[in-house]
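The structure appears below as structure tokens.
All of the numbers you see were taken from the coordinates with simple rules; none came from a lab. No experiment lies behind these values; they were computed from the predicted model shown. Positions of Cβ are backbone-derived with ideal geometry, glycine not excepted, and every protein chain shown enters the neighbour counts.
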Ligand code: PRP
């Protein structure tokens with residue numbers, strides 16, 4: 001069982017981060033159309049905020065991935081379960097994630113998307129756990145760096161729950177009791 005714990009990142013700080021990220025993106029793309037690709041399901045909340053704050057023209061699509069491996073150390077095998085519907089050749093693409101943990105998911109997606117010949121490809125994440133990275137992956141827009149805590153809220157879940165919480169919370173297991 002899990003118990004919802006204290007707030008690690010407040011909604012105000014998250015909002016500031018989203019605004020700053022959107023401002024950077026708007027400036028970097030200078031009015032060029034951007035394709036935001038959300039990695040379901042966790043990215044939906046951040047993507048919903050981001051797309052309304054970016055001033056450049058935006059189109060949106062989604063992908064679904066599954067990773068396979070041991071609980072603590074991912075095997076590095078990622079399966080693309082739902083692809084985007086759009087040809088990305090010559091488009092400016094940003095992959096949008098809620099969190100980078102090991103970095104395996106985005107590293108895999110980056111390879112796939114680069115192969116398709118976009119005009120540019122960048123990575124944007126709301127939260128990042130640099131201490132957990134097992135691959136060399138540098139997000140272009142890295143939001144808020146967090147310690148290695150089990151967290152939920154702002155799109156992140158445990159067993160499908162808590163994605164809708166506006167703040168980022170720590171989760172405790174019963175063993176902590
Ligand atoms: C989470 C998160 C990333 C991935 C990050 O997704 O949304 O996609 O894990 O982990 P990594 O950096 O170690 O690859 P999850 O599999 O929990 O699916 P969800 O988005 O549907 O919650």
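Which residues does a label at residue 157 reach in the range 38-58, if reach means a backbone N under 13 Å from a point 7 Å past the Cα toward the Cβ? Residues 40-45 qualify, since their backbone N sits under 13 Å from the label point. Between 45, 58, 37, the residue with the greatest mean-square fluctuation in the GNM of the chain (Cα pairs under 10 Å linked by springs) is 58. Every Cα-Cα pair of the chain was included, and the share exceeding 29 Å stands at 18 percent. Computed from label points 7 Å out along Cα-Cβ, the spacing between residue 53 and residue 120 is 1.9 nm. Rounded to the nearest 10 degrees, the angle from helix 44-53 to the longest Cα principal axis of the chain is 50 degrees. The calculated FRET efficiency for residue 67 paired with residue 167, based on their beta-carbon distance and R0 = 30 Å, is about 0.70. Residue order for 16, 85, fewest other beta carbons within 10 angstrom first, comes to 85, 16.
Would the range 7-111 count as rounded, prolate or oblate if I go by the C-alpha gyration tensor, calling it rounded below 1.5 in a/c and otherwise prolate when a/b exceeds b/c, oblate otherwise?
The shape class here is oblate.
Largest GNM mean-square fluctuation across 28, 128, 101, computed for the chain with C-alpha springs under 10 Å, falls on 28. Axis angle, to the nearest 10 degrees, between helix 104-115 and the longest C-alpha principal axis of the chain: 10 degrees.
Applying 1/(1 + (r/R0)^6) with R0 = 30 Å to the Cβ-Cβ distance of residue 174 and residue 133, what FRET efficiency is obtained, to the nearest 0.05? It would help to have the intermediate numbers written out before the result.
On the way: r = 29 Å, r/R0 = 0.96.
It comes out at approximately 0.55.
Here the simple spin-label model places points 7 Å from the Cα toward Cβ, and for residue 85 and residue 20 these points are separated by 3.6 nm.
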